[in-house]
Amino acid sequence: MSHVFSVLFVIAMLYTLIVDQKRINQATTLQKGTYYGFGLLSLFFFIMQLIGTELPMPTKFVVYYVVPLVNAIGHFY
Amino acid sequence: MHDTPVKLNHRQIAFMLCVILTAGGELPLTKAIVSAGKIDGWFAEILPMLYGLLIAGFYVYLYRLYPGQNLFQISRSLAGKWGGALINLVFVTHIWLIIVRDVAVLSDFLSTTLLLRTPVEMIILLYMCVAIYYMNTSVEITSRVNDLMFPLYFLSIVLLPLLLSNELELSRIEPILGHGFAPVLKANYLSYGWFADIVVVGAFFNTIKQPRQLLASLRFGVVLAGFLLTLLMLVVIVVLGSSVTGRLMYPNYTLVEQIHITDFLDRMELMVFSIWLPALFLKITFIMQSFLAGVNALTGNSKNALYGKQIGWFLMLTTIVSFQSISEAFAFGNYGAAVFFLFLHLPIYAMLLLLARWKERKKLTKSQQEQKASEEPHPTEKAQKKSAKQKLPWYVHTSQRTWMWWTNGLLLLAAGVVLAGTLFGDKFIWIGWIGGGLYAVCLLGALFTSYIEMRRTQHTEAREAKIQKADAKTA
């Protein structure tokens with residue numbers, strides 16, 4: 001992940017928080033939770049990618065476990 | 001941002017569905033389908049098309065029960081607060097994975113063919129900035145852009161055989177249907193996964209008023225998508241051959257590179273991709289708006305602008321971390337999607353259907369049945385309609401249901417032709433040619449009848465609106 005991208009991402013996140021402040025103040029607790037939940041998840045993924053830790057994403061589960069199974073059935077057929 | 005109800009017309013829904021089903025599939029799907037189906041890869045869309053029509057019917061059945069609601073709201077109404085939330089969570093997760101797949105493929109395609117020195121992250125970031133702008137507005141805006149782009153997109157695919165006429169070699173598809181049923185079935189299975197993307201349109205049911213208009217639009221969208229993908233696949237095989245296509249990462253790119261109109265009109269691929277890439281961009285934007293609608297339904301939010309940006313960054317980051325390499329994205333898109341359909345969508349659809357049937361029976365009280373009887377047209381009204389019929393366009397003389405059965409019949413006939421062809425195509429080469437020809441005729445016929453279905457409903461709606469207006473005036 002390039003440094004330029006990292007800087008741009010941090011600026012984008014901060015900008016989003018500032019711009020959405022008014023809307024967030026009017027939102028319900030569940031909506032606030034969802035909004036900050038997405039933000040925290042993005043930050044978590046960003047830090048993990050920066051550190052270089054591989055995450056167990058659902059896509060990887062499908063690629064590593066389900067796709068070989070589908071291929072095996074295809075070959076058997 | 002927009003508090004006024006969003007309204008789309010039948011044409012916009014049909015074009016939207018067609019772009020959703022075709023635009024993403026063009027890049028990774030061609031290689032996978034031709035690898036599986038070999039020279040018979042161009043028969044890969046028949047079963048997914050039938051599935052698409054079935055799901056369109058199912059969606060409209062749900063919409064008739066709960067008019068004015070989208071799929072997420074209908075799930076909530078049918079399965080209750082918690083059950084509905086669980087179902088919606090599955091739909092939203094699937095839509096999220098579709099976005100991740102498509103953005104990953106698009107960014108890789110751009111970074112390997114057109115923007116060689118731009119980092120993938122930057123391509124995704126720039127793309128997301130534009131997508132966030134669209135997400136903060138409404139699907140109406142995206143549909144209008146699609147209205148402008150779609151005719152060009154359609155022409156760019158339909159004109160491919162003409163543009164590549166000097167490269168066509170029909171012997172590359174011989175023997176037609178000569179390798180048995182297994183390759184055709186495998187290719188159809190791969191296509192199935194991409195047609196499961198139809199769930200995205202579920203988020204936009206409430207943008208159209210009449211259920212029959214929605215049905216006609218969805219049906220036309222499915223058949224048009226099937227036709228375009230079949231044509232593209234056929235041209236790829238006829239121009240490049242199945243073995244070359246199976247080895248290429250992006251066969252469609254190589255295909256349009258083959259276009260040479262005289263000696264001075266070269267590099268036509270840039271022109272074609274300046275149409276195909278916006279279509280893919282629009283597809284992903286539609287899916288992102290569907291994702292947003294799902295999250296809105298889960299949290300009871302009505303304003304897109306609240307989550308738009310935050311969801312955009314979330315999708316950008318998850319796209320970057322989801323795949324180690326593009327081959328993983330290809331494997332996920334081509335083989336994983338159908339698994340999602342089989343193990344998640346099918347049980348959920350079955351459950352929703354059972355719940356809907358149960359609630360419908362409960363709802364249909366005696367008084368409603370009486371009301372239905374009173375809605376039967378009066379004999380004088382019937383006579384008036386009969387006299388009015390004579391001034392109407394030719395396709396209005398046949399009911400929408402009849403046109404619908406024509407489309408269904410033609411597609412079933414096409415499926416039957418493929419089945420018969422695979423049984424006897426290896427023995428007699430002429431059977432394969434007849435089968436292929438009949439298949440093409442059936443597909444063209446189904447495209448025509450599904451279009452007429454749409455025109456027929458449009459005409460009926462316009463007439464009913466006119467009558468209502470006249471009634472209001474006299475009142």
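The values are calculated or read from the model by the stated rules, or taken from the named source; none is laboratory data. Remember, it's a predicted structure, so these values are computed and weren't measured experimentally. So basically every Cβ, Gly included, is an ideal-geometry build from the backbone, and we count neighbours across all protein chains shown.
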Within region B:429-475, considering residues that are acidic (Asp, Glu) and under 22 Å from B:Met404 (Cβ atoms), the one modelled with the highest pLDDT: B:Glu453
Qualifying residue in region B:317-325 (condition: modelled with pLDDT under 90, more than 7 Å from chain A (Cβ to nearest Cβ) and more than 21 Å from B:Val199 (Cα to Cα)): yes
Some residue of region B:146-160 being part of a loop (DSSP other than H, G, I, E, B) and among the β-branched types (Val, Ile, Thr): no
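Could you pull out the residue among B:Leu89, B:Leu125 that is of a type in the set (A, V, I, L, M) and closer than 30 Å to B:Phe273 by Cα? Break it down into steps so the answer makes sense when it comes.
Details: B:Leu89 fails: closer than 30 Å to B:Phe273 by Cα.
Testing whether each residue is of a type in the set (A, V, I, L, M) and closer than 30 Å to B:Phe273 by Cα leaves just B:Leu125.
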Test: residue in region B:106-117 that is within 12 Å of another protein chain (Cβ to nearest Cβ), buried (at least 16 other Cβ atoms within 10 Å of the Cβ) and either within 18 Å of B:Arg11 (Cβ to Cβ) or out of contact with any Phe, Trp or Tyr (no Cβ under 6 Å at 6 or more places or on another chain) (or both): no
Number of the condition not met by B:Thr262 [criteria: (1) more than 14 Å from every other protein chain (Cβ to nearest Cβ); (2) in contact with a Leu (Cβ under 9 Å, 6 or more places away or on another chain)]: (2)
Breaking point among (1) under 30 Å from B:Ala414 (Cα atoms); (2) crowded, with 18+ Cβ neighbours inside 10 Å, for B:Phe91: (1)
Every residue from region B:424-462 that is of a type in the set (Asp, Glu) and farther than 23 Å from B:Leu53 by Cα: B:Asp426
Members of region A:43-63 found to be at the interface with chain B (Cβ under 9 Å from one of its Cβ atoms) and over 17 Å from B:Thr93 (Cβ atoms), listed by number: A:Leu43, A:Phe44, A:Phe46, A:Met48, A:Gln49, A:Glu54
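Within region B:50-65, can one find any residue that is within 14 Å of another protein chain (Cβ to nearest Cβ), surrounded by fewer than 24 Cβ atoms within 10 Å (Cβ to Cβ) and among the β-branched types (Val, Ile, Thr)? Let's see the steps before the verdict.
The first filter runs over region B:50-65 and keeps only residues within 14 Å of another protein chain (Cβ to nearest Cβ), leaving none.
Within region B:50-65 (the criterion being within 14 Å of another protein chain (Cβ to nearest Cβ), surrounded by fewer than 24 Cβ atoms within 10 Å (Cβ to Cβ) and among the β-branched types (Val, Ile, Thr)), the answer is no, since none of the residues qualifies.
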Pairs where the first residue, in region B:290-302, is more than 10 Å from chain A (Cβ to nearest Cβ) and the second is among the small types (Gly, Ala, Ser), C-beta under 6 Å, 6+ apart: B:Ser290/B:Ala203; B:Ala293/B:Ala203
Pair list, Cβ < 7 Å and 6+ apart or interchain, from region A:32-46 residues that are in contact (Cβ under 8 Å) with a residue 40 or more places away in the chain to residues that are in a helix (DSSP H, G or I): A:Phe46/A:Phe9; A:Phe46/B:Leu317
Residue selected from region B:284-316 under the condition among the small types (Gly, Ala, Ser) and not in a helix (DSSP H, G or I), by the criterion modelled with the highest pLDDT: B:Gly300
Any hit, region A:41-52, residues being surrounded by 12 or more Cβ atoms within 10 Å (Cβ to Cβ), under 19 Å from B:Leu298 (Cα atoms) and within 13 Å of the chain's Cα centre (by Cα): yes
Qualifying residue in region B:225-238 (condition: closer than 20 Å to B:His94 by Cβ, under 16 Å from the mean Cα position of the chain (by Cα) and of a type outside the set (Asp, Glu)): yes
